[in-house]
């Protein structure tokens, strides 16, 4: 039986977030509903989850010494990574000492690095993936591209939100793609992955929940990306029964290999009836923000339930739903928003402003959510709602 103490007392049950962005904020909200004490950590002050946490720390999470000092000081019951850029070697060490890393330290280690997860999926699990090569120099990158052909994708082996990713269509683009990948990588790795360009019909995120009673799946989420970064998502994505079953088999195989409890965002390409593995995140997925309006339990609620060992009942989809990113561009440390009332005047819409403290370039600052009678209606309403938000720099 799970026992939960009271926050800010000697009996408190502590959940520590490694990463405190908009996804971490929603995890914090769900954890606090059950009375957990939430400790938020990130590399910058006033991150979204810090604004509602019981306690927070600002440290570079790739600094193993600084991270270890905070973890040992707080001695959390649950350590929940929310971003990729973490000192994963430290998490492996701490887990061996008995700290509870969600879902496991190994899954965080493997999925932080595209090399680790791709080798697991392709070579150990024999799952269909795009053809790929790893390269540690511009010369190796060029050689890999010549073997794969054009177009192809060049990505850092460690990055997020599409940073450092580009499509290469000709030889004169190779050096630029190499430099872009290396300069926008997370961590100190000087290795990239060159991938075959898959001409897929559509791609999905299949939210897969490992919990005490087994494995459950949310209805598939369709999404669009620009420069590798999520812009819109919708649920459910239309799929044949056979294709969905094949997708669930792939997702279960990957998540069983990673182990632990919690939600995984499994990204898959669909071509005809074929399912091709792309990536997996051992945490809530940004495209899953649509579940804040589309399901009886959001991906964040499901994650926390699974982490705590609570029962996960049937996941009910509430009808055609969509999300659209509220994207800001510019430079400011004093952001303001207007037009929220106009956005909410559209029936069955919701707005989430993340509360990020600054912007320098492009940044995801919020999301519009909508339901409709059809997916197209929901997507249209979400786009319109997002367009009503005026970001004042």
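Bear in mind these aren't lab numbers, they're just calculated from the coordinates by the rules spelled out. These numbers were taken from a predicted model, which means no experiment stands behind them. Note that we place each Cβ from the backbone using ideal geometry, even for glycine, and neighbour counts take in every protein chain shown.
Only DSSP H runs of four or more residues enter the estimate; each adds -39500 (n - 2.57), and after division by the residues of the chain the mean residue ellipticity at 222 nm equals -9000 deg cm²/dmol. Exposure proxy shown here: for 290, 367, the number of other Cβ atoms within 10 Å sets the order, fewest to most, as 367, 290. Taking the average, over residues, of other Cβ atoms within 10 Å as the packing measure, peptides 384-390, 309-315 rank 384-390, 309-315 from highest down.
Taking the convex hull of the alpha carbon positions in region 345-393 and averaging its projected area over all directions gives 3.7 nm². Rg/Rh, computed from the Cα trace of region 131-196 with Rh as the Kirkwood radius, has the value 0.92. With the simple model of a label 7 Å out from the Cα in the direction of the Cβ, residue 346 to residue 8 spans 3.9 nm. Dividing the convex hull volume of the alpha-carbon atoms in region 14-101 by its residue count gives 76 Å³ per residue.
Over all directions, the projected convex hull of the C-alpha atoms in region 173-214 averages 5.9 nm² in area.
Summary of packing: across the peptides 111-121, 296-306, the per-residue average of other C-beta atoms within 10 Å ranks them, highest first, as 296-306, 111-121. A Förster radius of 30 Å, combined with the Cβ-Cβ distance separating residue 131 from residue 377, puts the computed FRET efficiency at roughly 0.20.
Label-to-label distance for residue 241 and residue 75 is 5.4 nm, based on points extended 7 Å past Cα in the beta-carbon direction.
Once a ≥ b ≥ c are taken as the square roots of the eigenvalues of the Cα gyration tensor of region 297-393, is the result rounded (a/c under 1.5), prolate (a/b larger than b/c) or oblate (a/b not larger than b/c)? Since a/c reaches 1.5 but b/c is at least a/b, the shape of region 297-393 is classed as oblate.
Averaging 1/r over each pair of different alpha-carbon atoms in region 55-148 and inverting the result gives 15.5 Å, the Kirkwood hydrodynamic radius. Just so you know, the Cα atoms of the chain work out to an Rg and Dmax of 20.5, 62 Å.
Could you check how many percent of all C-alpha pairs in region 202-392 are farther apart than 26 Å? Could you put the intermediate results ahead of the total?
Details: 6094 of 18145 pairs.
Every Cα pair in region 202-392 considered, those over 26 Å come to 34 percent.
A Förster distance of 30 Å, applied to the separation of the beta-carbon atoms of residue 253 and residue 392, puts the FRET efficiency at 0.05. Modelled spin labels at residue 140 and residue 62, positioned 7 Å past Cα toward Cβ, are 1.8 nm from each other. Gain on full extension, evaluated as 0.36 nm per residue between residue 55 and residue 384 minus their Cα-Cα distance, stands at 114.8 nm. Cβ crowding within 10 Å ranks 275, 70, 194 as 70, 275, 194, fewest other Cβ atoms first.
On the basis of the beta-carbon distance and an R0 of 22 Å, residue 184 and residue 115 show a calculated FRET efficiency of 0.85. Within region 44-73, find all residues whose amide N lies under 19 Å from a label point positioned 7 Å from the Cα of residue 334 along Cα-to-beta-carbon. Taking a point 7 Å out along Cα→Cβ of residue 334, the residues of region 44-73 whose backbone N falls under 19 Å are 46.
Give, as ranges by residue number, the residues of region 349-377 whose backbone N falls under 20 Å from the point 7 Å along Cα→Cβ of residue 44. Under cut-off, by backbone N: 352-368.
Neighbour counts of other C-beta atoms within 10 Å: give me 374, 104 arranged from fewest to most.
Numbers: 374 10, 104 19.
Arranged by neighbour count, lowest to highest, 374, 104 become 374, 104.
Just the Cα atoms of region 264-322, one point each, no solvent: what log10 I(q)/I(0) does Debye give at q = 0.15, 0.17, 0.22, 0.23 Å⁻¹? After summing over all Cα pairs, the log10 values are -0.55, -0.68, -0.98, -1.02.
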